[in-house]
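Structure record follows, encoded as structure tokens.
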Amino acid sequence: MNRKVTKAIFPVAGLGTRFLPATKSIPKEIMTLVDRPLIQYAIDEARAAGIKEFIFVTSRGKGALEDYFDHAHELENTLRKAGKDDLLELVRQTNMESGAIAYIRQHKAMGLGHAVWCARRLIHNEPFAVVLTDDVVMGEPPCLQQMIEAHAETGGSMVATMEVPMEKTKSYGVLDVAEDMGAIVRARGMVEKPKENPPSNLAVIGRYILAPTVMENLNKLKQGAGGEIQLTDAIADEIHEGRDVYGLRFRGQRYDCGSKAGFLQATVAFGLARDDLKDEFAEYLHDVMAMRKAAE
Ligand code: G1P
């Protein structure tokens, strides 16, 4: 039997320059999608998938992110006294068990692979998840849960994947497919942000379940695309060493909240998915589009 995946690494050290000036004072991970910070979506998805230990790889200036997970006793008391039980419940849902979160500092921005490697002492001989908070996935069951279920069957390492237009492959890790089994593909290679000749149009998105040997591969601290230490390369090394790497075509929609356009799209999608907002919001969107059309 494959070992249960109970630990997830959240690399949250990035500067978020694409969202300046907002990210001058707030970490991008606590930017708000409808009414919850991005990190909350990632945590909720991981919890739903059975993750018990949450490892954040942070950097300078991320204090607000760490504080977000403190229990807000004063706020909870005020809400309780005021009888605002629904809000109290909402706040409580964000509480994390003591000791469930670990913070590790990445002292230098040396790439995603390096960020994951910074957490190596907290990962023992067990498979672990990596969740990139920029990628918000709307899906049922949530994307990481789909992966954990699939991984229980396949073992090895697994990445979430989706088809993108060929010309977009240069922004992603891309799979070279050995065997296409439908929802699951087995990879014979993986390339980070191919400048030319992408091996397929199957892009990797920010959800991974990795064998502990990936950490060993990262120990080499080999520079890859953009001069950075790439997680993609450490996963590709698994294949070169004869271990299996799979891609899961997850069911759901991924939003790139690392880009402004993606964030806006996510805001629309998550706004429209909310019972308390969808009617008013849909009507507004409809009116805006009608006005734009009329002005053309
Ligand atoms: C990272 C990974 C890349 C992956 C992408 C998904 O790139 O390096 O392989 O396809 O996330 O969002 P980034 O977008 O952080 O440059």
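Observations
- Signed unit charges on C-beta, dipole axis of segment 83-220, positive-most listed residue LEU88, SER157, SER171: SER171
- Segment 81-183: radius of gyration over Cα atoms, expressed as a fraction of 2.2 N^0.38 Å: 1.45
- Overall, segment 13-140 carries a charge dipole of about 660 debye about its Cα centre when +1 sits on the Cβ of Lys and Arg and -1 on the Cβ of Asp and Glu, all other atoms neutral.
- Convex hull of Cα atoms in segment 170-218, direction-averaged projection (nm²): 4.0 nm²
- Helix-only mean residue ellipticity at 222 nm for the chain, each DSSP H run of n ≥ 4 adding -39500 (n - 2.57), per residue, nearest 500: -10000 deg cm²/dmol
- What the Cβ-Cβ distance of GLU66 and GLU140 gives, at R0 = 30 Å and to the nearest 0.05, is a FRET efficiency of 0.50.
- The Cα-based radius of gyration and maximum Cα-Cα distance (Dmax) for segment 1-45 are 13.9, 49 Å.
- GNM flexibility winner over the chain from VAL12, VAL131, VAL164 (Cα, springs under 10 Å): VAL164
- Segment 21-60 and segment 130-151 have Cα centres separated by 14 Å.
- Under Karplus coefficients 6.51, -1.76 and 1.60, residue-wise ³J(HN,Hα) of segment 258-268 in Hz, glycine/proline x: x, 10, 4, 5, x, 5, 5, 4, 5, 4, 5
- Legend: calculated FRET efficiency, LYS222 to LYS195, from the Cβ-Cβ distance at R0 = 25 Å, rounded to 0.05, equals 0.85.
- For segment 71-96 and segment 182-215, distance of Cα centres in Å: 42 Å
- Dipole orientation for the chain: of the candidates ALA295, ILE9, ILE104, ILE104 has the Cα lying most toward the positive pole (charges on Cβ; Lys, Arg +1; Asp, Glu -1).
- Cα pair count fraction exceeding 36 Å, expressed as % - the chain: 18 percent
- Computing FRET efficiency as 1/(1 + (r/R0)^6) for HIS124 and LYS81, where r is the C-beta to C-beta distance and R0 is 35 Å, gives about 0.20.
- Lysine pairs with alpha-carbon atoms under 16 Å apart, segment 1-147, spacing 8 or more or separate chains: 5
- Pairs of C-alpha atoms in segment 1-155 farther apart than 22 Å represent 46 percent of all such pairs.
- In order along segment 239-253, the Karplus-derived 3J(HN,Hα) couplings, from 6.51 cos²θ - 1.76 cosθ + 1.60 at θ = phi - 60°, round to 5, 4, 8, x, 9, 7, 10, 10, x, 10, 6, 6, 9, x, 10 Hz, and Gly and Pro are given as x.
- Summed side-chain charge close to PRO11 - residues other than PRO11 whose Cβ falls under 14 Å, Lys, Arg +1, Asp, Glu -1: +3
- Within the straight-line cut-off of under 13 Å between alpha carbons, the aspartates and glutamates reachable from LYS260 are ASP134, ASP135, sequence neighbours fewer than 8 places apart in one chain being disregarded.
- Segment 33-111 shape via C-alpha gyration tensor axes, a/c threshold 1.5: prolate
- Placing a label point 7 Å from the Cα of LEU285 along the Cα-to-Cβ line, the residues of segment 245-275 whose backbone N sits under 13 Å from it are 264-275.
- Put a plus charge on the Cβ of each Lys and Arg, a minus charge on the Cβ of each Asp and Glu, and nothing anywhere else: the dipole of the chain about its Cα centre is then about 880 debye.
- The residue list VAL214, SER259, ALA187 was ranked by how far each Cα lies along the charge dipole of segment 185-286 toward its positive end, using unit charges on Cβ atoms, and ALA187 comes out on top.
- From phi via Karplus (6.51, -1.76, 1.60), per-residue ³J(HN,Hα) for segment 12-29 in Hz, x at Gly/Pro: 10, 8, x, 6, x, 4, 5, 10, 5, x, 3, 7, 4, 10, 10, x, 4, 5
- Of ARG188, ARG254, ARG18, the one that fluctuates the most in a GNM where the chain has Cα springs shorter than 10 Å: ARG18
- Divided by 2.2 N^0.38 Å, where N counts the residues, the Cα radius of gyration of segment 112-264 comes to 0.97.
- Highest GNM mean-square fluctuation among ALA48, ALA13, ALA282, for the chain modelled with Cα contacts below 10 Å: ALA282.
Readers should treat all values here as calculations from the given coordinates under stated rules, not as data from a laboratory. Just so it is clear, the model here is predicted, and its values are computed rather than measured. Cβ coordinates were reconstructed from backbone atoms using ideal geometry, including for glycine residues, and neighbour counts include every protein chain displayed.
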